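Asks: Let me give you the structure first, and then I'll get to my questions.
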Amino acid sequence: MTAWHQKTLTQLSNHLHQGDISSTALTEHFLNRMQEFNPSLNCYLAITADLALQQAQSADRRLKEKTATLLTGIPYAHKDIFCTQGIKTTCGSKMLENFVAPYDATVTKKLHEQGLVMLGKTNMDEFAMGSTNEHSYFGPCKNPFDLQRAPGGSSGGSASAVAAGLAVFSTGSDTGGSIRQPASFCHLVGIKPTYGRVSRYGMIAFASSLDQGGVLSQSVADAALVLEAMSGHDPLDSTSAHQPVPQYFNLLNNAPNSFKVAVPRSFFEAMDPSSQEAFKKVLEHIRSIGGEVDFIDFNIQDIVIPTYYIIAPAEASSNLARYDGVRYGYQTPHAKNLEDLYMKTRGEGFGAEVKRRILMGTYVLSSGYYDAFYQKALKVRALINSGFQEIFKKYHVIATPTALSEASLLKSHDHDPLAMYYSDLCTVSVNLANLPAISLPLMQRHGLPLGFQLIGNHFDELTLLQISHKLEQVSPWVDHLSPIKARS
């Protein structure tokens with residue numbers, strides 16, 4: 001019996017086009033695995049079996065008629081932050097528990113035009129606020145490498161589904177590391193493109209100047225293929241960039257023969273000794289493929305977390321003001337008057353972490369504190385961006401760990417949210433500077449996955465993907481399967 005769920009997207013695409021298996025049979029294989037393993041993982045909030053089989057049958061027709069793309073017929077998981085017409089889009093919140101989107105997000109539309117098969121909508125931290133996927137109204141998601149651990153967040157369900165072999169790849173969103181950190185904890189490739197590369201239309205907003213859609217996949221080639229399909233200017237999104245989209249997949253093998261890599265000492269020194277040794281081994285692999293590695297001083301580690309946790313909550317407090325119980329979403333049945341309706345709807349509809357961030361954001365935007373906190377954070381953000389640009393004058397990419405430790409145990413941050421915030425140390429600066437970055441499954445800590453991060457310059461995802469693909473060829477990381485994915 002072929003373990004189809006252990007194959008990459010590009011491998012499965014070849015099998016589909018050669019007629020080794022139909023999209024319908026492949027979809028049924030994944031739906032059967034979802035039925036068996038999702039109850040213990042809780043990575044899917046909705047399983048769209050009927051739609052998936054309809055899309056698979058349509059894909060089979062396209063394959064037979066030779067009108068299929070490389071993505072046609074591939075079953076994937078869709079983060080529940082992207083609107084899907086006629087299907088619930090909850091964003092992991094009680095506030096949107098019964099919200100059925102009347103339209104498709106641009107990302108959804110683009111992927112379905114390729115003939116992809118949507119298996120379901122994945123679990124996530126409520127409104128993408130969290131780093132463990134424990135802040136979901138529908139319960140925590142589990143890490144398939146260890147069911148006692150979190151898969152990371154906020155795209156935890158997306159990462160868990162792919163790492164468990166319950167999807168070939170998944171979409172995700174990244175506001176401060178929400179694609180890359182789960183990729184790190186679940187031994188996956190996770191790419192967050194440049195802000196504006198992927199349309200945010202129909203992607204429910206957390207922090208509008210930071211949010212960006214991306215991909216969690218099993219290989220760099222898979223990520224390149226999907227990202228290319230997702231990307232491009234969208235007139236429905238005013239922040240969408242007028243930038244041509246390179247042929248990421250076709251140009252993967254055109255990596256530069258030599259390239260320069262900067263390693264900020266502060267992030268390297270923040271790791272423990274065993275992680276530093278694992279990081280050094282990756283740097284040796286980079287040197288073996290033509291990379292020149294320099295350790296540099298880039299001391300932003302003390303300012304990135306405070307800056308991010310001023311700007312992101314401020315934007316969240318503004319974006320989430322629309323959930324008032326009047327137009328759509330949850331409405332309290334206990335209101336006595338309009339003011340009571342607002343207060344009880346928001347009090348009952350939002351979870352603790354979302355309310356915490358709304359309060360923080362409202363505080364820093366309030367009279368008397370706006371200049372002292374929010375305006376100052378914007379100035380620091382500009383300085384962080386300038387610092388990155390100085391580095392990119394000399395280097396092709398920047399290398400850091402994706403996270404400083406392996407996946408945390410469930411409930412370990414219940415009484416210490418600051419520890420959860422600190423886990424984003426290596427990722428948030430990328431969002432503040434609107435840069436692209438990729439997490440690669442190149443390291444381990446205590447026998448569990450740990451990601452290696454490469455950061456690129458604005459709209460230079462191609463260089464990131466090319467170097468990552470080249471590194472993939474010399475790094476023994478593909479065969480590390482989760483116990484659940486290893487089961488046929």
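The values are calculated or read from the model by the stated rules, or taken from the named source; none is laboratory data. Note that this is a predicted model, so its numbers are computed, not measured. Please note: Cβ atoms are built from the backbone with ideal geometry, for glycine as well, and neighbour counts cover all protein chains shown.
Asks: For residues in region 1-16 being closer than 17 Å to ILE484 by Cβ and part of a helix (DSSP H, G or I), which is farthest from the chain's Cα centre (by Cα)?
Replies: TRP4
Asks: Looking only at residues in region 85-106 that are in contact with a Leu (Cβ under 9 Å, 6 or more places away or on another chain) and outside any loop (DSSP other than H, G, I, E, B), which one is surrounded by the fewest Cβ atoms within 10 Å (Cβ to Cβ)?
Replies: Only one residue fits best here, namely LYS88.
Asks: Checking LEU378 against (1) among the hydrophobic types (A, V, I, L, M, F, W, C); (2) more than 25 Å from ALA183 (Cβ to Cβ); (3) under 19 Å from the mean Cα position of the chain (by Cα), which test does it fail?
Replies: (3)
Let's see how each residue does on (1) crowded, with 18+ Cβ neighbours inside 10 Å; (2) at pLDDT 95 or above; (3) out of contact with any strand residue (DSSP E or B) (no Cβ under 9 Å at 6 or more places or on another chain); (4) closer than 25 Å to PHE138 by Cβ:
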residue	(1), (2), (3), (4)
GLN247	no, yes, yes, no
SER274	no, no, no, no
ILE296	no, yes, no, no
PRO313	yes, yes, yes, yes
TYR330	yes, yes, yes, yes
THR345	yes, yes, yes, yes
PHE350	yes, yes, yes, yes
LEU359	no, yes, yes, yes
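Asks: While we're here: Just to be sure I understand, how many residues within region 57-81 are surrounded by 24 or more Cβ atoms within 10 Å (Cβ to Cβ) and outside any loop (DSSP other than H, G, I, E, B)?
Replies: Going through region 57-81 one residue at a time, the tally reaches 6.
Asks: Let me ask something else about it. Restricting the search to region 190-221, which residues are under 16 Å from PHE459 (Cβ atoms) and either of a type in the set (Ser, Thr, Tyr) or modelled with pLDDT under 95 (or both)?
Replies: THR194, TYR195, SER199
Asks: Which numbered condition trips up ASP297, out of (1) in contact (Cβ under 8 Å) with a residue 60 or more places away in the chain; (2) closer than 18 Å to TYR395 by Cβ?
Replies: Among (1) in contact (Cβ under 8 Å) with a residue 60 or more places away in the chain; (2) closer than 18 Å to TYR395 by Cβ, ASP297 violates only (1).
Asks: Next question. Does ALA224 satisfy the criteria of being closer than 30 Å to TYR374 by Cα and at pLDDT 95 or above?
Replies: Answer is no for this residue.
Asks: Could I ask something else about it? Could you please let me know if THR402 is buried (at least 23 other Cβ atoms within 10 Å of the Cβ), on the phi < 0 side of the Ramachandran plot and in contact with a Phe, Trp or Tyr (Cβ under 8 Å, 6 or more places away or on another chain)?
Replies: Yes: the conditions hold for THR402.
Asks: Let me ask something else about it. Return yes when VAL261 is of a type in the set (A, V, I, L, M) and in contact with a His (Cβ under 6 Å, 6 or more places away or on another chain) and no when it is not.
Replies: It is false that VAL261 is of a type in the set (A, V, I, L, M) and in contact with a His (Cβ under 6 Å, 6 or more places away or on another chain).
Asks: List the number of the failed condition for TYR374; all other conditions in (1) closer than 30 Å to LEU471 by Cβ; (2) in a helix (DSSP H, G or I); (3) in contact (Cβ under 8 Å) with a residue 40 or more places away in the chain; (4) among the hydroxyl-bearing types (Ser, Thr, Tyr) hold.
Replies: Answer for TYR374: the failing condition is (1).
Asks: Give me the pairs: first residue in region 84-97 and touching a residue at least 12 places away in the same chain (Cβ under 8 Å) and closer than 18 Å to GLY325 by Cβ, second residue part of a loop (DSSP other than H, G, I, E, B) and among the polar types (S, T, N, Q), beta-carbon distance under 6 Å, and six or more apart or on different chains, which are they?
Replies: LEU96/THR90; GLU97/THR90
Asks: Filter region 20-55 down to the residues that are in contact (Cβ under 8 Å) with a residue 24 or more places away in the chain and not in a helix (DSSP H, G or I) and list them by number.
Replies: Those that are in contact (Cβ under 8 Å) with a residue 24 or more places away in the chain and not in a helix (DSSP H, G or I): SER22, ASN42, CYS43, TYR44, LEU45, ALA46, ILE47, THR48.
Asks: Just for region 1-31: of the residues that are at pLDDT 95 or above and β-branched (Val, Ile, Thr), which one is surrounded by the most Cβ atoms within 10 Å (Cβ to Cβ)?
Replies: We begin by selecting, within region 1-31, every residue at pLDDT 95 or above; these are 4-31.
Now restrict to residues that are β-branched (Val, Ile, Thr): 8, 10, 21, 24, 27.
Numbers: THR8: 18, THR10: 19, ILE21: 15, THR24: 19, THR27: 25.
Across region 1-31, the extreme among qualifying residues is THR27.
Asks: Which residues, taken from region 412-433, are surrounded by fewer than 20 Cβ atoms within 10 Å (Cβ to Cβ) and either part of a loop (DSSP other than H, G, I, E, B) or small (Gly, Ala, Ser) (or both)?
Replies: Residues satisfying the conditions are SER412, ASP414, HIS415, ASP416, ALA419.
Asks: Residues that are under 15 Å from LEU425 (Cβ atoms), surrounded by 13 or more Cβ atoms within 10 Å (Cβ to Cβ) and out of contact with any Asp or Glu (no Cβ under 7 Å at 6 or more places or on another chain): does region 285-294 have at least one?
Replies: no
Asks: Mind checking which helices (runs of 4 or more DSSP H) fall wholly inside region 244-326 and carry at least 3 residues that are within 24 Å of the chain's Cα centre (by Cα)? Break it down stepwise before answering.
Replies: Working: elements: 265-269, 273-288, 304-319.
Ranges flagged: 273-288, 304-319.
Asks: Quick check on LEU111: is it buried (at least 16 other Cβ atoms within 10 Å of the Cβ), in a loop (DSSP other than H, G, I, E, B), of a type in the set (A, V, I, L, M) and under 24 Å from the mean Cα position of the chain (by Cα)?
Replies: The answer is no for LEU111.
Asks: May I pose another question? Within region 457-472, identify whether any single residue is part of a strand (DSSP E or B), over 15 Å from LEU251 (Cα atoms) and either free of Cβ contacts under 8 Å to residues at least 60 places away in the same chain or in contact with a Pro (Cβ under 9 Å, 6 or more places away or on another chain) (or both), and answer yes or no.
Replies: The answer is no; no qualifying residue exists.
Asks: Can you tell me how many residues within region 377-411 are under 22 Å from ILE300 (Cα atoms) and part of a strand (DSSP E or B)?
Replies: Matching residues across region 377-411 total 5.
Asks: Let me ask you something else. Test GLN375 against the criterion of being surrounded by fewer than 17 Cβ atoms within 10 Å (Cβ to Cβ), within 30 Å of ASN257 (Cβ to Cβ) and at pLDDT 95 or above, and give yes or no.
Replies: It is false that GLN375 is surrounded by fewer than 17 Cβ atoms within 10 Å (Cβ to Cβ), within 30 Å of ASN257 (Cβ to Cβ) and at pLDDT 95 or above.
Asks: I'd like to check which strands (runs of 3 or more DSSP E) are fully inside region 141-229 and have at least 3 residues that are within 24 Å of HIS242 (Cβ to Cβ).
Replies: Here the list reads 213-217.
Asks: Please count how many residues of region 32-56 are small (Gly, Ala, Ser), surrounded by fewer than 21 Cβ atoms within 10 Å (Cβ to Cβ) and over 17 Å from PHE138 (Cα atoms).
Replies: Looking only at region 32-56, we keep the residues that are small (Gly, Ala, Ser), and these are 40, 46, 49, 52, 56.
Right, trim to surrounded by fewer than 21 Cβ atoms within 10 Å (Cβ to Cβ) and you get 40, 46, 49.
After this cut, where a residue has to be over 17 Å from PHE138 (Cα atoms) as well, the list is 49.
Summing the residues that are small (Gly, Ala, Ser), surrounded by fewer than 21 Cβ atoms within 10 Å (Cβ to Cβ) and over 17 Å from PHE138 (Cα atoms) in region 32-56 gives 1.
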